[in-house]
Amino acid sequence: MADSSSVSDTVSKHDHVVKPALDSRVVDVAAHLTAGKEIVLEPEEAARIRRKIDWHLMPLMCVLYMMQFADKTTLGQSAVLGLFDGAHIDQNQFNWLNTIFYLFFLGFEYPQNVALQYLPVGKWMSANIFVWSVALLCHAACTNFGGLFACRAFLGICEGAITPGFMIVTSMFYTRKEQSQRVGYWFLMNGAAIIMLGLIAFGTLHITGGPLEPWQWLMIIFGSITLIVSVLFWFFFPDSPATARFLTPEERVLAVERIKVNQAGLENKHWKKEQLIECLMDPKTWFFFFISAISNVTNSLSNQRQIIVKGFGFDVKSTTLFGCVDGAVEIIVIFCTVTSATHWKNGRAYSASLAYAVAILGSILVNALPNEKYGLLFSYWISITSIAPFVVVLAWVGGVTAGHTKRQWLAVFRAHRISTNAIVMIGYAVGNAVGSQYWKVQYQPRNHVPWAILSACWFTTAVLILILRTYLASQNARRDKEPRDGTYDNVYVNEKSSEGTVEALKVDKEFLDLTDIQNRDFRYVL
């Protein structure tokens, strides 16, 4: 069997045959399920498989993402529940607690993604959720900045497995057309989390007596719920379609066949250096990095929102309840934006930019209106539209990138291992880490300078998204004019049969773990 580092090293570009059969490590794991098989997948059967995946996957992903977002924003909710007095911190230290979270996210992104590459995705995420829940429970015991620093650090470390892990799983189970909507479904849970957070926080304000403050009860309640979720995740969340227990062996093959249209494969544990190089040289990688970084400079709005609304002139109870409306607005705008991005042909960039335009309007109104609290509150709700475009961008990354190493791998400190998803998440961490630092006490209560920064970031991100779309459209047009490349039409992999004999089986081009640049049949979704 050939000891090859890439498909292109093994396949002859002249006679289109393999010399010898391809090393099984090189191809996608889906190749081992489908090699040598003629599979006909009827539309009705494909729809049935998709529904079964939805019913088993989406509830778990939605519940976890809801708890994950609620947990990391408990700190922002606690800002009006006595955190500053109970933990003896000031506004500057509060801002640093948000920054610390993302600095540790960034610092541990490399080991987290190494683990996601080599270990079962579902099990590794479950372990991180468990540690996350314990760290959240420990918040309630903190009485100073140092204790909260340690707890936030552990949350940041564990966060590095969740969003990247969800991106990996979504790209393995769903077609590119379906990914925007599915990412939207679990991102909708941000809004549900805020509603739940507001209602439970309001309840904690009515707990009288005892040694615990309302913010401590909030941490204990959400930490306990997340602990239960981690156990459920361990037993029920799949690692990939090839091993999903809720699918029969026959359905696993059909599930893999269903996502063949992605031209991106399923999963490959074999490291490929050339995919790293391609990732670093690919212009769209850096477009996504800057889009992610600049857009997430504004994500600090989610942690500052209670302080902002209270600054408009509302009391603590009203501020807490109005937080539920924040969640409802998020659900509506995310649903509308991802639905538009899914059904508007080649409309991902346009949908995201339109949402940013609405958010910019809201931020301008917050800055320009007089001190009338209800008008300011309504304008603030309009600005929440800014949450939706990043959902589209996350799904878009998976839809325009192929090659498992190129798509999934990361390293922050080792230049020979990096991926598009990793670079996007680095941008995410950098943007969030910076974002908390411009909410200074001297700008309160109206925060004119922070709102101006938000407007500028949203405008810049919208422009970058539209430029990226133009670039990808030009690449598609170039490929349409090229003659068809038959290099990878006849590729075989050695497989051992049930009788113990080794035979070479033909592998579909879609499961050769080719990158989007190697595979000239690949077209970028717009």
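Distance between the modelled labels on K123 and N92, one decimal in nanometres: 4.8 nm (7 Å Cα→Cβ projection). Mind giving me the FRET efficiency for L369 and R484? R0 is 51 Å, r the Cβ-Cβ distance, nearest 0.05 is fine. FRET efficiency, L369 to R484: 0.30. Loop-located trypsin sites (Lys or Arg not before Pro) in the stretch 37-76 (DSSP state not H, G, I, E or B) with no more than 12 neighbouring Cβ atoms inside 10 Å: K37. Computed from backbone phi with θ = phi - 60° and the Karplus coefficients 6.51, -1.76 and 1.60, the 3J(HN,Hα) list for the stretch 352-361 is 5, 5, 4, 5, 5, 4, 5, 4, 4, 4 Hz; x is used for glycine and proline. Net charge near R182, counting Lys/Arg +1 and Asp/Glu -1 over other residues with Cβ under 12 Å of its Cβ? Summing Lys and Arg as +1 and Asp and Glu as -1 gives +1.
Would you tally the net charge around F145, using a Cβ to Cβ cut-off of less than 15 Å, leaving F145 out, and scoring K and R as +1, D and E as -1? Taking every Cβ under 15 Å from that of F145, the sum is -1. The calculated FRET efficiency for V134 paired with Y471, based on their beta-carbon distance and R0 = 35 Å, is about 0.20. In terms of overall dimensions, the C-alpha atoms belonging to the stretch 39-266 reach 65, 36, 27 Å along their principal axes, ordered largest to smallest. A DSSP coil position with no more than 14 other Cβ atoms inside 10 Å describes the following trypsin sites (Lys or Arg not before Pro) in the stretch 302-394: K345.
Using the structure shown, list the pairs from K177/K317; K373/K440; K72/K123; K72/K310; K310/K345 with a Cα-Cα distance above 32 Å, or answer none. As for pairs spanning more than 32 Å Cα to Cα, those are K177/K317; K310/K345.
Coupling constants for the stretch 224-240 follow from the phi torsions by the Karplus curve (6.51 cos²θ - 1.76 cosθ + 1.60, θ = phi - 60°), and in residue order they are 5, 4, 5, 4, 5, 4, 4, 5, 4, 4, 4, 8, 10, 8, x, 8, 5 Hz; glycine and proline get x. With a ≥ b ≥ c taken as the square roots of the eigenvalues of the C-alpha gyration tensor of the stretch 271-482, please select rounded if a/c is under 1.5 and otherwise prolate if a/b is larger than b/c or oblate if it is not? Prolate shape, in that a/c is at least 1.5 and a/b is the bigger ratio.
Counting only the backbone N, which residues of the stretch 304-344 are under 17 Å from the spot 7 Å out from the Cα of V441 toward its beta-carbon? Within reach of a label on V441, which here means backbone N under 17 Å from a point 7 Å along Cα→Cβ, the stretch 304-344 contributes 307-308, 311. Which one, C142, G76, G184, projects farthest toward the positive side of the charge dipole computed for the stretch 39-266 from Cβ point charges (K/R +1, D/E -1)? Going by the Cα projections, it comes out as G184. How charged is the neighbourhood of L83? Take every other residue with its Cβ under 12 Å from the Cβ of L83, and add Lys/Arg as +1 and Asp/Glu as -1. Computed value for this residue: -3. Computed from backbone phi with θ = phi - 60° and the Karplus coefficients 6.51, -1.76 and 1.60, the 3J(HN,Hα) list for the stretch 338-344 is 6, 5, 4, 5, 7, 9, 7 Hz; x is used for glycine and proline. Among the GluC sites (Glu not before Pro) in the stretch 35-130, those located in a DSSP loop and surrounded by at most 14 other Cβ atoms within 10 Å of their own Cβ are E38.
No value in this document is a laboratory result; all are computed from the given coordinates. Here the structure is a predicted model, which means the values were calculated and not measured. Counting neighbours? That spans all protein chains shown, and the Cβs are built from the backbone with ideal geometry, glycine included.
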